[in-house]
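Heads up: the structure comes next, in structure tokens.
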Amino acid sequence: MSALTCPYCDCEMNDPEECNEQDRTYEKECPHCDKAFVFTVEYTRYYREHKADCLNGAPHDYQRTNTYPPEAARLRCSMCDDEKPLTFKP
């Protein structure tokens, strides 16, 4: 992630959290040099790959979710994130 930097004085500023729409021009005033400038927001897509043997014939590795309240817990596969209801045995 890059910081928001004033194009006039190169002062770095805090990320303007309220500005997150792409294809929109935002206005900002630099707190250091008091000059106004505009900026746009861009997002970069990146990937994190993981093996999912369950998608290739191995059984799912279902684990109970850590959910509050506990009654809302489900079973989630640790490899592919598939979910199913938690079944109770009497």
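The values are calculated or read from the model by the stated rules, or taken from the named source; none is laboratory data. As the structure is a computational prediction, the values presented were derived from the model and not from experiment. In this analysis, Cβ positions are derived from the backbone assuming ideal geometry, glycine residues included, and neighbour counts consider all displayed protein chains.
Before moving on, here are some points about what is shown:
- Residue among Thr44, Thr67 that alone is exposed (fewer than 10 other Cβ atoms within 10 Å of the Cβ) and β-branched (Val, Ile, Thr): Thr44
- Per-region count, the stretch 42-65, residues assigned to a loop (DSSP other than H, G, I, E, B) and farther than 30 Å from Asp15 by Cβ: 8
- For first residues located in the stretch 47-72 and under 17 Å from Lys84 (Cβ atoms), partners that are modelled with pLDDT of 95 or more and part of a helix (DSSP H, G or I) and lie 6+ apart or on another chain with Cβ distances below 8 Å form the pairs His60/Cys54; Asp61/Cys54.
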